Amino acid sequence: NRVQELLVDRAGALWIAPGSGVAVWRDRRLERVSDPAFDNTRCRALAEDGDGRPWVGTERGTVVREGSSFRRLGPAAGATGAIVYDLVADGGGMLAATAAGLLRLGLDGTAELLPTPKLPADTLRAVVRTGDGLWLGTAAQGAFLQAWGEWRPVPPVEVSGRNIYRFVVGASGTLYVATQDAGLF
């Protein structure tokens, strides 16, 4: 009944993060993916890295698929156990919008806390990189863009929503912003 995130992988399979765990729609069949790394855990984010590995952001950190099973990353930097709201591929790893802040996660388990605008705790909800720079979506603080080494708020004229929960970049490069309080931009 509750779908948090969708991901179409390179092979065309649809990964689904419902209220608990993960499922995959492949060959006209829906299968629950069972793994101790995220079973009975709320999964909020799905992403695929440059090598085609699925990553899952959960209420208890991030997991990555290796072969037929998943491996929990962390607890490097003490932050990978935080709620993960969004993931976006970043080189060989991922950028993660988490309750602990913006993290750069590596396959080796490293977690680097990245600088962000000064925000209240547990505010980040979405992250994406476009040709314009790195975008952050927040709960109650609007959107921010990092370009030329500095963070700046995106003016309300461009995105009037304060509660931004997802960014999607279309094939054309168009950035779509899903808000909880002002529709879609």
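Residues in the range 101-121 that are in a loop (DSSP other than H, G, I, E, B) and either touching a Leu at 6+ places or on another chain (Cβ under 6 Å) or over 18 Å from Trp151 (Cα atoms) (or both): Gly106, Leu107, Asp108, Gly109, Thr110, Thr116.
For every residue, the table says whether it meets (1) under 25 Å from Ala99 (Cα atoms); (2) polar (S, T, N, Q); (3) in contact with a helix residue (DSSP H, G or I) (Cβ under 6 Å, 6 or more places away or on another chain).
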residue	(1), (2), (3)
Val8	no, no, no
Ile16	yes, no, no
Arg26	no, no, no
Arg32	no, no, no
Arg44	yes, no, no
Asp51	no, no, no
Thr58	yes, yes, no
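In the range 13-25, what residues are modelled with pLDDT under 95 and either in contact with a His (Cβ under 8 Å, 6 or more places away or on another chain) or open to solvent by 30 Å² or more (accessible area, probe 1.4 Å) (or both)? Within the range 13-25, Pro18, Gly19, Ser20 meet the criteria. Of all residues in the range 167-185, those that are on the phi > 0 side of the Ramachandran plot have Cβ atoms under 9 Å from Cβ atoms of residues that are β-branched (Val, Ile, Thr), 6 or more apart or on another chain, in Gly173/Thr130. Scoring Gln4 on the criteria (1) of a type outside the set (Asp, Glu); (2) under 22 Å from Thr138 (Cβ atoms); (3) open to solvent by less than 10 Å² (accessible area, probe 1.4 Å) leaves a single failure, condition (3). If we scan the range 40-60, do we find a residue that is of a type in the set (Ser, Thr, Tyr), assigned to a strand (DSSP E or B) and either in contact with an Asp or Glu (Cβ under 9 Å, 6 or more places away or on another chain) or buried (at least 16 other Cβ atoms within 10 Å of the Cβ) (or both)? Looking for residues that are of a type in the set (Ser, Thr, Tyr), assigned to a strand (DSSP E or B) and either in contact with an Asp or Glu (Cβ under 9 Å, 6 or more places away or on another chain) or buried (at least 16 other Cβ atoms within 10 Å of the Cβ) (or both), one finds at least one in the range 40-60, hence yes.
Going through the range 105-135 one residue at a time, which ones are modelled with pLDDT of 90 or more and at positive phi? The answer is Asp122, Gly133. Quick check: anything in the range 123-144 under 16 Å from the mean Cα position of the chain (by Cα) and part of a loop (DSSP other than H, G, I, E, B)? Taking every residue of the range 123-144 in turn, at least one turns out to be under 16 Å from the mean Cα position of the chain (by Cα) and part of a loop (DSSP other than H, G, I, E, B).
The values are calculated or read from the model by the stated rules, or taken from the named source; none is laboratory data. Predicted model only: the values in this text are computed from it and were never measured. Heads up, the Cβs are rebuilt from the backbone with ideal geometry, glycines too, and the neighbour counts pull from every protein chain shown. For accessibility, only protein heavy atoms count, side chains too; no ligands or nucleic acids. Shrake-Rupley method; radii C 1.70, N 1.55, O 1.52, S 1.80 Å.
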